[in-house]
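The values are calculated or read from the model by the stated rules, or taken from the named source; none is laboratory data. Since the model is a prediction, treat every value here as computed from it, not as a measurement. FYI the Cβ positions are ideal-geometry reconstructions off the backbone, even for glycines, and counts take in every protein chain you see.
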């Protein structure tokens, strides 16, 4: 089986374990508390986050807290088929529907270079104990993570952990992950 076919199968398998909205809500609340109590988050003046899809860790509590705390908050904006930037957001009201219907900053929003982000919290389809992240297959986050100097943190639900994720040469492992049980450093 080719690597991309194996990853596609793995994505479907992991999504098939989704236990429902209530479990997602409960785990997300605990995950968010762990992140907001974490020294790395508390010290960060600039953080990158994301707007979650229905099966991803819901990090909206962190996003709202970061805004209230005066942190520079950046969200991804898909610019074209191969390029995503992190752009500053100051309120939910300024977000617009993106390429796949996910809310994102407008094209006029200030670009925040990845090198200026002290923390980048990323969504994932799956993750293993080496920090290898399974994304959606477009490579957008791998290209961002490769530019990062700060902490890269995957937001993981319990059903997204895998024994091993196939790693291609362009896959950039994360430095840490957060789940309902706490922060795991790799």
message: Restricting to the range 37-49, count the residues that are exposed (fewer than 15 other Cβ atoms within 10 Å of the Cβ), touching a residue at least 24 places away in the same chain (Cβ under 8 Å) and part of a helix (DSSP H, G or I).
response: 1
query: Does the range 8-22 hold any residues that are part of a helix (DSSP H, G or I) and in contact (Cβ under 8 Å) with a residue 40 or more places away in the chain, and which are they?
result: 8, 10, 11, 14, 15
- prompt: Considering only the range 116-134, how many residues are within 12 Å of residue 173 (Cβ to Cβ), touching a strand residue (DSSP E or B) at 6+ places or on another chain (Cβ under 8 Å) and buried (at least 18 other Cβ atoms within 10 Å of the Cβ)?
  reply: 7
- prompt: Among the residues of the range 70-82 satisfying the criterion of being at pLDDT below 95 and not in a strand (DSSP E or B), which is farthest from residue 46 (Cα to Cα)?
  reply: 81
task: Scan the range 83-126 residue by residue and report those that are assigned to a loop (DSSP other than H, G, I, E, B), over 20 Å from residue 57 (Cα atoms) and in contact (Cβ under 8 Å) with a residue 60 or more places away in the chain.
output: 112, 117, 118
Count of the range 139-164 residues which are assigned to a loop (DSSP other than H, G, I, E, B), free of Cβ contacts under 8 Å to residues at least 40 places away in the same chain and under 27 Å from residue 20 (Cβ atoms): 2
Within the range 127-136, considering residues that are in a loop (DSSP other than H, G, I, E, B) and within 19 Å of residue 51 (Cβ to Cβ), the one modelled with the highest pLDDT: 135
- request: Report yes if residue 66 is part of a loop (DSSP other than H, G, I, E, B), buried (at least 19 other Cβ atoms within 10 Å of the Cβ) and touching a strand residue (DSSP E or B) at 6+ places or on another chain (Cβ under 7 Å), otherwise no.
  value: no
query: For the range 148-161, does any single residue satisfy the condition of being touching a helix residue (DSSP H, G or I) at 6+ places or on another chain (Cβ under 7 Å) and over 22 Å from residue 29 (Cα atoms)?
result: yes
field: Filtered residues of the range 168-186 (kept if loosely packed, with under 14 Cβ neighbours inside 10 Å, more than 21 Å from residue 24 (Cβ to Cβ) and out of contact with any strand residue (DSSP E or B) (no Cβ under 6 Å at 6 or more places or on another chain))
entry: 168, 169, 170
message: Taking the conditions exactly as written (more than 24 Å from residue 134 (Cα to Cα), modelled with pLDDT under 95 and either part of a helix (DSSP H, G or I) or in contact with a strand residue (DSSP E or B) (Cβ under 6 Å, 6 or more places away or on another chain) (or both)), does residue 5 satisfy them or not?
response: no
- prompt: Could you say which residue among 165, 111 is surrounded by 21 or more Cβ atoms within 10 Å (Cβ to Cβ) and in contact with a strand residue (DSSP E or B) (Cβ under 8 Å, 6 or more places away or on another chain)?
  reply: 165
message: Looking at (1) closer than 26 Å to residue 8 by Cβ; (2) surrounded by fewer than 16 Cβ atoms within 10 Å (Cβ to Cβ), which one does residue 92 not meet, given that it meets all the others?
response: (1)
